[in-house]
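Okay, so here's the structure we're looking at.
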């Protein structure tokens, strides 16, 4: 079954506020096998809410209307849903009594506008809200011959979330056949999104029962797989089966089979091989060290390194011969390799990485343009160096440089 | 005029991802007097996108369709909009040529699926996207006799936001009557949001014609001021008048009067005083260096430093006496100060900063708990050290530590 979440409230159409309840609702709906097909955010105008409800009823089985149930003039969800469904409302005597009691208990005067919270749409069940004045409503109805479940629930998270869990979910479970969802996330790097999709679409498109989403960003590709079946085991088998084929196709581009970060994978292999790492960073200025040390426990494999932004420090901390720098320039394969080997020797680490390049926006020449970055890896007996031409702004070039460095080390460690 | 923002992408219907571009778009739309009336989020199914586009065209003047413009099979926004409008598409020869050139320039093979990015809806203008392969599209059309502006823009924030600012806003301004808005952003750090609001609300609340928003995050407070008047001069006078009073009240907490970053301010003062900086980082592992070098031109004042994650490297690169470490422990004021002075002397910089602490989640003791970080600053003749107890996860503790280091240096440089 499919659902649409309709969040009502003008504040969520400003640049500062977002609906976040829908993430919570989505997680719970997915867990019982309901996919969220649409989310709509609408302000406090009655005509807009009516239009949104009508659109939703044409396209999904379950509609959750969230917010707009309070006592003020711009709380119009009840009125809008009843108009969109073409049914009336009645003022519920026991709700009026409960409201009066609630105010009396707090020794507050109940203003008349509160009474609209006792209005119930014809055919609706009242959903008790122990955390606020506005109750929810549950409608099991039909539209153009199709069964529709419509819920009205309050907007404040402290009311919405418990009410949904305690009142709506048990009712939904009675209607929906139980289904379990299995998920997995694979990650690859150094392959473009379109190249990955060209490679993988012929595979994943044959698995019609597994939903595959490709996301690109942060110098990597994510493949999110999910599958809903009667049991979790059944669903997991299908996800794992497809994942196996995708992993095989991605080959060395794949770095994570279960959503791990590249930093985590590199540190995992370093520890497995009882190896240590030191870095010498020029244009990345600490970004590689920062990424590695963002992982808790990285001190077991990462000894540290040097930020050799100036030429003098390249010699001071990485023992790079000044002659080498004047012969090749600070941005050169020779200097990157000397930095990698120099920092390795000075720190006693198993591996050394050296990064030198032109992050921009200034500093580029025709011979050495912005985006040119040399990344070198040394283990004492052998050295390798890659010449890269990265695109994008300063921060993007630096991100790609650290990504390349981590990926070179990952590939070396895997063999 | 009214707008609807339609975000396309199945990942935004999961419990983990949210559309955030719409907040950015809303801010810019509001600034030119356009109200956002609806936001809709829809997955990568063609029928769903068509349904969402059709609903939007019945209720708003401006429709912004965001995402689903890439090369993969599930990028279907072009197809869906053309179906909803009932017009055809043509493959644009110059876009095909631009795509081929882009791939050739990167020495990559262009797979056939990329070609669909050259499909243009009949009557649409192409919106150049310098940051990605998929161009945007602009349609000035009519639906049932009403004028409709429809924009297709890419989903990734790094493509969506510049394209909207550079291509869509100028076109929208030609259609919409002008209003002049002056803005300013002040920034402060090391003061809490509620403390800042208690201090500032009595001031800004008397300026009813200036809108003041306080945002907290990334270890700083932002005060966004904006004012709309008939002329920009009139609006600017009011914004600057309020800004002056707020700056006075914030005193030394204020670090930026015109939206500068803390890194920029520190580098500005270093250059002004012809001073240089070196850093020795333990628990922050490169984050301070990374932040400083994220600013273009930082090499004029930043010489580099050392990532002294291990005790041995604290001695090797910062000349910290091993005895000092065994007497006080690596996380101590004495070691932080020795790191600051050691890295200063070794690099010949004017100022040295040393950071040592326990970022967590492991490694804490009763005496030295997670979040304890010493930040020291030395200029050779004098040293200062602050003991901090930061809250939050590993990354938050590290962010606060680098923020504190930059702010200590800023305060020193201001005197």
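What percent do you get for the relative contact order of chain A when only Cα pairs under 8 Å and 6+ apart count?
So the answer I get is 10 percent.
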Chain lengthening between residue B:58 and residue B:273 when straightened (0.36 nm per residue, less Cα-Cα)
71.3 nm
Antiparallel %, DSSP beta bridges [both residues in chain A], to 5
60 percent
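Could you sort the peptides A:325-332, A:34-41 by per-residue average Cβ neighbour count (10 Å cutoff), highest mean leading? Intermediate values should be presented prior to the final figure.
Numbers: A:325-332: 16.8, A:34-41: 25.4.
Ranked by mean Cβ neighbours within 10 Å, highest first: A:34-41, A:325-332.
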Shielding by partners - mean other protein chain Cβ count within 10 Å, residues of B:297-303:
3
Could you state the angle between the C-alpha long axis of helix A:333-347 and the longest principal axis of the C-alpha atoms of chain A, as a value from 0 to 90 degrees rounded to the nearest 10?
90 degrees
Segment residue B:47-residue B:381, extension gain: residue separation times 0.36 nm, minus the distance between their alpha carbons
113.1 nm
Extending each Cα 7 Å along its Cβ direction at residue A:323 and residue A:11, get the distance between those two points in nm, one decimal.
7.1 nm
Between region A:83-154 and region B:207-242, how many Å separate their Cα centres?
41 Å
Using Cα pairs closer than 8 Å and at least 6 residues apart in sequence, work out the relative contact order for region B:2-175, in percent.
23 percent
Where does helix B:394-414 land angle-wise versus the long Cα axis of chain B, in degrees 0 to 90, nearest 10?
70 degrees
Decide, for region A:88-181, between rounded, prolate and oblate: order the square roots of the alpha carbon gyration tensor eigenvalues as a ≥ b ≥ c, take rounded if a/c falls under 1.5, and otherwise choose prolate if a/b is larger than b/c, else oblate.
oblate
Computed [θ] at 222 nm, deg cm²/dmol, chain B (DSSP H ≥ 4; -39,500 (n - 2.57); rounded to nearest 500):
-12000 deg cm²/dmol
Residue A:17 label points, 7 Å along Cα→Cβ, one per copy: pairwise distances from this copy to the rest in nm, shortest first?
2.7
Tell me the distances, shortest first, between residue A:241 and the same position across the other copies, using label points 7 Å along Cα→Cβ, in nm to one decimal.
7.3
Quote the relative contact order of region B:180-256 in percent (integer), defining contacts as alpha-carbon pairs under 8 Å separated by 6+ residues.
46 percent
So, in nm and shortest first, the distances from residue B:412 to its counterparts in the other copies, with label points 7 Å along Cα→Cβ, work out as 3.6
What is the Cα centroid distance between region A:288-332 and region B:357-371, reported in whole angstrom?
28 Å
Can you work out the FRET efficiency for the pair residue B:105 and residue B:251, with r the C-beta to C-beta distance and R0 = 51 Å, to the nearest 0.05?
0.45
Please compute, for peptide B:102-111, the average count of beta-carbon atoms on other protein chains lying within 10 Å of each residue's beta-carbon.
3
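For a quick protection proxy, order the peptides A:401-414, B:276-289, A:137-150 by their average other-Cβ count within 10 Å, most packed first.
Top of the packing list down: B:276-289, A:401-414, A:137-150.
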If one computes the Cα centroid of region A:260-278 and of region A:8-52, what distance in Å separates the two points?
42 Å
Based on the alpha-carbon gyration tensor of region B:2-175 and its eigenvalue square roots a ≥ b ≥ c, which shape applies: rounded if a/c is under 1.5, prolate if not and a/b is larger than b/c, or oblate?
rounded
Gyration tensor on Cα atoms of the protein assembly as shown, a ≥ b ≥ c root eigenvalues, a/c under 1.5 rounded, else prolate if a/b beats b/c, else oblate, says prolate
Angle in degrees between helix A:21-31 and the longest Cα principal axis of chain A, rounded to the nearest 10:
90 degrees
Taking 7 Å along the Cα-to-C-beta vector as the label spot, tell me the residue B:205-residue A:260 distance in nanometres, rounded to one decimal.
5.4 nm
Under the definition of partner shielding as Cβ atoms of other protein chains within 10 Å of a residue Cβ, what is the mean value for peptide B:35-48?
6
Compute the distance in nm between two label points, each set 7 Å from the Cα along the Cα-to-Cβ direction, one at residue B:389 and one at residue A:230.
5.7 nm
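FYI, it's all coordinate maths here, none of it is from the lab. Just so it is clear, the model here is predicted, and its values are computed rather than measured. Note that we place each Cβ from the backbone using ideal geometry, even for glycine, and neighbour counts take in every protein chain shown.
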